[in-house]
Amino acid sequence: MEVKMQGVDEAESGAQRGSRMAPEPVHSMHVAMTARMFDTLWNGRWWIVTCVLLGVAVGFWMVASSKHVYRVQAVLTPVSPRESGSLDLLSGSMGGLAALAGLSAPGGSRAQIALATLEGTSFTAKFIQENNIMPLLFPGKWDPVAKRWRGPLPSQYEAVRRFSRGGIRTVLKDQDTGLITVQINWSNPLQATDWLVSMVAQLNAELRSQAIAQSQQNIQFLTAEAQEARVASVKTAIENLIESQMKQLMLAQAQKEYALQYVDRPTTPGPKDYVWPRPVLILCAAAFIGGLLGMLVQFGLDHARKVRKYRELQMLDRADI
């Protein structure tokens, strides 16, 4: 019985040793493959170094030939309406009439309207046309000598898409603070600054004109309603609405920064303050791509040599047969 138990123990211990020793061939295979890979890279080290140097040379060429791009930005905040409280109360008491006249409490809607107008296609297309930016967006289609287009005129949609989605004009809104950052990326920093200042001024002027026209229309409508009112309380409420609209009209006429006002005004960057090209980033990326390409080529050449050698051995074996 003891002999049997001893045999069982030896079998179990042997199985445990076998289970512990089983991964060793797999581990040794991984080590051999890693060593073979590094050996292949070491044999082709000069080819890899050459590819890295070529990549760096291409990076230098890209940095030298790239046009400098400057970034001008302004931080804006929406102008809060001053008459929203009184208009809320009056609109509550005369809701039907206020709605009929087109009156509503401004609240935060002015900020939403300003942002939507700024990013809208209509305003952007009008800004591009008034500032004659179209030839700068499509320099290959514009003849500066003859002052005319080569071929068909680019559409406004193409111009807006290149101006907005092409990275020239970027609008960012901070959801926490409500601040709006407008950026212009362009090769001419003075021109970029002028565009940004003109864009904000044109936006405020357009929304201000719309507000003035709306207030005048509301006053005209409410005045006519007040003349026809027979109930004293209704007439008093309409007169209060007219007074509120008069205040809004005067505020709109007095405020040049009607929708958006500056928190941080744009400043023109200096000649060395460009955001593109980035020499360090380009050179590092070019060196990495060159080294990666060199390693891939080296692995490909090594594989081709092994295939060729294998075929030669097969031909020798067939010749021997």
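The values are calculated or read from the model by the stated rules, or taken from the named source; none is laboratory data. Fair warning: this is a prediction, and the values are worked out from it, not measured in the lab. So basically every Cβ, Gly included, is an ideal-geometry build from the backbone, and we count neighbours across all protein chains shown.
Only one entry of Thr121, Thr170 meets the criterion of being within 25 Å of Asp273 (Cα to Cα), polar (S, T, N, Q), modelled with pLDDT of 90 or more and within 20 Å of the chain's Cα centre (by Cα), and that entry is Thr170. The residues listed here are Arg161, Arg165, Arg110; of these, the one that is surrounded by 13 or more Cβ atoms within 10 Å (Cβ to Cβ), at pLDDT below 90 and within 23 Å of Ser198 (Cβ to Cβ) is Arg110.
All of Leu281, Leu313, Leu251 fail the test of being part of a helix (DSSP H, G or I), surrounded by 14 or more Cβ atoms within 10 Å (Cβ to Cβ) and not acidic (Asp, Glu), apart from Leu251. Screening Thr267 on (1) touching a Ser or Thr at 6+ places or on another chain (Cβ under 9 Å); (2) assigned to a helix (DSSP H, G or I) shows it passes everything except condition (2). Looking at Tyr258, Tyr274, just one residue is crowded, with 18+ Cβ neighbours inside 10 Å, in contact (Cβ under 8 Å) with a residue 40 or more places away in the chain and under 30 Å from Val63 (Cα atoms), and that residue is Tyr274. Of the candidates Asp273, Asp194, the single residue that is among the acidic types (Asp, Glu) and not assigned by TED's automatic domain parsing to the domain that holds Arg110 is Asp273. Among the residues making up the stretch 173-186, a single one is modelled with pLDDT of 95 or more and either more than 17 Å from the chain's Cα centre (by Cα) or surrounded by fewer than 18 Cβ atoms within 10 Å (Cβ to Cβ) (or both): Thr181.
Of the residues making up the stretch 172-197, those that are part of a strand (DSSP E or B) and either under 18 Å from Leu137 (Cβ atoms) or touching a residue at least 60 places away in the same chain (Cβ under 8 Å) (or both) are Ile180, Thr181, Val182, Gln183, Ile184, Asn185, Trp186.
Against the definition (touching a helix residue (DSSP H, G or I) at 6+ places or on another chain (Cβ under 9 Å), part of a loop (DSSP other than H, G, I, E, B) and either among the aliphatic types (A, V, I, L, M) or within 21 Å of Ala201 (Cα to Cα) (or both)), how does Leu153 come out, yes or no? Against the criterion (touching a helix residue (DSSP H, G or I) at 6+ places or on another chain (Cβ under 9 Å), part of a loop (DSSP other than H, G, I, E, B) and either among the aliphatic types (A, V, I, L, M) or within 21 Å of Ala201 (Cα to Cα) (or both)), Leu153 qualifies. Here Phe288 passes the criteria (1) surrounded by fewer than 15 Cβ atoms within 10 Å (Cβ to Cβ); (2) touching a helix residue (DSSP H, G or I) at 6+ places or on another chain (Cβ under 8 Å); (3) without any contact (Cβ under 8 Å) to a residue 12 or more places away in the chain except the one numbered (3). Quick one: would you say Leu76 is modelled with pLDDT of 70 or more and in contact with a Ser or Thr (Cβ under 8 Å, 6 or more places away or on another chain)? For Leu76, the condition - modelled with pLDDT of 70 or more and in contact with a Ser or Thr (Cβ under 8 Å, 6 or more places away or on another chain) - is met. For the stretch 202-236, a residue qualifies if it is surrounded by 13 or more Cβ atoms within 10 Å (Cβ to Cβ), at pLDDT below 85 and out of contact with any Lys or Arg (no Cβ under 8 Å at 6 or more places or on another chain), and the qualifying residues are Glu225, Val234, Lys235. Against the condition without any contact (Cβ under 8 Å) to a residue 24 or more places away in the chain, assigned to a helix (DSSP H, G or I) and of a type in the set (Gly, Ala, Ser), how does Ser209 come out, does it pass? The answer is yes for Ser209.
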